[in-house]
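So the structure is just underneath, and the comments pick up after that.
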Amino acid sequence: MISIVIPTFNEVKNIIPLLKTLINIVTDFDYEIIVVDDDSPDGTSQEIDKFMKDNKKVKLITRVGRSGLSSAIKEGLIFAQGKYLLVLDGDGQHDPNFVLNMIKRIKKNKVAIVIGSRFLNSSRLEGLSKKRSLGSKIANKIAGASLSNNYSNLTDHLSGCFCLNKEMTKNLIRKIEINGFKFLYELLSLSKGKLIVEEVPLIFKERRYGNSKLDLAIVWDFFISILHSFTLRVIPRRAISFGLVGFTGIFVQLFITSFLTRILLIEFYDALPFAIICAATSNFFINNQVTFRSNRLIKLALLIGFFKFLLVASLPIIANIGITTAFYKYTSADTFIAQIAGIVIVYAWNYLASSSFVWNKSN
């Protein structure tokens, strides 16, 4: 059996034409098509429900309270029954006519993964502007540098269109971190070069309806994924993200301290508590948007979470002030070094306590 997994979110105008095309292409196979929809408000799930009445091989997973591209793909792949698992986007930009080519290649050559590459010489990019195309190529170069040398021959480590041999990849699929930037990249990173991977050319078409899902949060996820790989996946993804957000807090604290002491001529000891609280506030709101996006707090929960965060951070804030003040008074009169000393010491507490108490995550 061939299982085709399609993650969707707000693709109501794209998904039915894609399903019809796919069914015509794979009609000679024993197949199933699994659509994993993140409870799209535009009615994507409802349209698929109607379509399924006359197409019993199309299945729908509507996820309520869960979201994210990688997690949708993972859920669909684990649910799938096929020997070969094919993934493509629900926006219709991956030309479905290449599906047969991918299936034939993975069956004939008995490889673990066949990637639909946007960047082979015979590939065509009809749906990417020159700016987006250049950005994707640069991102692929960076991604490739963080992976095993065994994958150095690949051209598209970030493709959203790929075919998997279930038996060869099923154990790795279950280990994929659902907050990863791209499912394929996470799979390649986790495999550490042990899989046999081939590529086929892909036509990447122009999106007909709807908007691209690329945003700042996805770009942030990309950099976190790269750093996660470069650290040999030892440091948790969220810890890396929390640490990077913490760096922004450092600049907030240093800027406010400098402004208060140099412009408003407030004493360093008096300016420090206000600067630290401002930095903690900044860290909370940024972490809520990026680090803990899958558990993002909104409305009343956001306000309650903010007060929880300040409560959690109160001990390290006091420690930060005490350590910084002592360092400034007894070790170095350099306010910059004194503040960095305090910030470094309290980072671990902030991450562990905030993860479990504020955003209810174990790591």
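For (1) at pLDDT 90 or above; (2) within 20 Å of the chain's Cα centre (by Cα); (3) among the basic types (Lys, Arg), each residue gets a yes or a no:
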site: 193; (1), (2), (3): yes, no, no
site: 212; (1), (2), (3): no, yes, no
site: 246; (1), (2), (3): no, yes, no
site: 252; (1), (2), (3): yes, no, no
site: 280; (1), (2), (3): no, no, no
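Has region 214-231 got at least one residue that is more than 30 Å from residue 276 (Cβ to Cβ), of a type in the set (S, T, N, Q) and without any contact (Cβ under 8 Å) to a residue 12 or more places away in the chain?
If we filter region 214-231 for residues that are more than 30 Å from residue 276 (Cβ to Cβ), which is where we start, we get 214-215, 218, 222, 225-226, 229-230.
Now restrict to residues that are of a type in the set (S, T, N, Q): 225, 229.
Then keep just the ones that are without any contact (Cβ under 8 Å) to a residue 12 or more places away in the chain; that gives none.
No, there is no match, as no residue in region 214-231 is more than 30 Å from residue 276 (Cβ to Cβ), of a type in the set (S, T, N, Q) and without any contact (Cβ under 8 Å) to a residue 12 or more places away in the chain.
Can you name every residue in region 243-298 that is surrounded by 17 or more Cβ atoms within 10 Å (Cβ to Cβ) and without any contact (Cβ under 8 Å) to a residue 12 or more places away in the chain?
Within region 243-298, just 296 meets the criteria.
Of the conditions (1) in contact with a helix residue (DSSP H, G or I) (Cβ under 7 Å, 6 or more places away or on another chain); (2) closer than 18 Å to residue 186 by Cβ; (3) part of a loop (DSSP other than H, G, I, E, B); (4) touching a residue at least 60 places away in the same chain (Cβ under 8 Å), residue 159 satisfies every one except a single condition; which number is it?
It fails just one condition, (4).
Counting only residues that are in a loop (DSSP other than H, G, I, E, B) and closer than 16 Å to residue 88 by Cβ, which one in region 198-210 is modelled with the highest pLDDT? It would help to see each step written out before you state the result.
Filtering region 198-210 for residues in a loop (DSSP other than H, G, I, E, B) gives 202, 205-210.
Remaining after also requiring closer than 16 Å to residue 88 by Cβ: 202, 205-208, 210.
Working: 202: 90, 205: 80, 206: 76, 207: 76, 208: 76, 210: 66.
Of everything passing the filter in region 198-210, 202 is modelled with the highest pLDDT.
Against the condition closer than 21 Å to residue 307 by Cβ, within 15 Å of the chain's Cα centre (by Cα) and not aliphatic (A, V, I, L, M), how does residue 274 come out, does it pass?
Details: closer than 21 Å to residue 307 by Cβ: yes; within 15 Å of the chain's Cα centre (by Cα): no; not aliphatic (A, V, I, L, M): yes.
Spelling it out, it is not the case that residue 274 is closer than 21 Å to residue 307 by Cβ, within 15 Å of the chain's Cα centre (by Cα) and not aliphatic (A, V, I, L, M).
Please specify each residue of region 116-153 satisfying the condition of being in a loop (DSSP other than H, G, I, E, B) and touching a Gly at 6+ places or on another chain (Cβ under 7 Å). Walk me through how you get there before you give the answer.
Keep residues of region 116-153 that are in a loop (DSSP other than H, G, I, E, B), which gives 118-123, 126-129, 146-148, 152-153.
Matches in region 116-153: 148, 152.
Filter region 255-292 down to the residues that are in a loop (DSSP other than H, G, I, E, B) and either closer than 18 Å to residue 355 by Cβ or of a type in the set (S, T, N, Q) (or both) and list them by number.
Filtering region 255-292 down to residues in a loop (DSSP other than H, G, I, E, B) leaves 264-267, 290-292.
Scanning region 255-292 gives 290, 291, 292.
Can you name the condition, by its number, that residue 103 falls short on among (1) farther than 16 Å from residue 182 by Cβ; (2) touching a Pro at 6+ places or on another chain (Cβ under 9 Å); (3) of a type outside the set (S, T, N, Q)?
(2)
Filter region 15-34 down to residues that are touching a Gly at 6+ places or on another chain (Cβ under 7 Å), farther than 14 Å from residue 85 by Cβ and of a type in the set (A, V, I, L, M), then give me how many there are.
2
Inspect region 46-56 for any residue being touching a residue at least 40 places away in the same chain (Cβ under 8 Å) and of a type in the set (D, E, K, R) and give the result as yes or no.
The answer is no; no qualifying residue exists.
The values are calculated or read from the model by the stated rules, or taken from the named source; none is laboratory data. Because the structure is predicted, anything quoted here is derived from the model rather than measured. Quick reminder, even Gly has a Cβ in these numbers, built from the backbone with ideal geometry, and neighbours come from all protein chains shown.
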